[in-house]
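Some notes on the structure that comes next.
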Amino acid sequence: VQLQASGGGLVQAGGSLRLSCAAPRGIFSNNGVGWFRQSPGKEREFVAAIDWNGGNTDYADPVKGRFTISRDRPKGPVYLQMDSLRPEDTAVYYCAAARSSGIPTTTRGYRYWGQGTQVTVSS
């Protein structure tokens, strides 16, 4: 099972992008969904997460106030609105479905992953 992440691209510093994450029917179920990112030579790091119905969210400190995670309906696709982008946000962004209804902040808390979408922010 693979999630489908899309919406990446090349943008100038200060610009915005909106990432989307979709999954086959039933995969999101009652589970949380998270976004992670990975730059060359670095470990995959937590970005943001949202619970199954969108009632609870969590963000990594570097993106707080700039990124917004959301979903239109319970168990539906998940979006990551990224504003005020910085060169250090450059990475491959992955979405993942959690093993539970919570919103874990480590990769071990996630069962299904997408293929990743490249985000490049130029200075």
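The values are calculated or read from the model by the stated rules, or taken from the named source; none is laboratory data. Please read these numbers as outputs of a predicted model, since none were measured by experiment. FYI the Cβ positions are ideal-geometry reconstructions off the backbone, even for glycines, and counts take in every protein chain you see. Ligands, DNA and RNA are stripped out before the accessible areas are found, and what is left, the full protein with its side chains, is counted by its heavy atoms. Shrake-Rupley method; radii C 1.70, N 1.55, O 1.52, S 1.80 Å.
Some notes on this structure:
- Criterion: touching a residue at least 60 places away in the same chain (Cβ under 8 Å) and not in a strand (DSSP E or B) - qualifying residue of Pro104, Pro62: Pro104
- Tally, over the stretch 21-36, of residues that are open to solvent by less than 20 Å² (accessible area, probe 1.4 Å) and assigned to a strand (DSSP E or B): 5
- Given (1) closer than 16 Å to Ser84 by Cβ; (2) under 12 Å from the mean Cα position of the chain (by Cα); (3) open to solvent by less than 40 Å² (accessible area, probe 1.4 Å), number of the condition Arg18 does not satisfy: (3)
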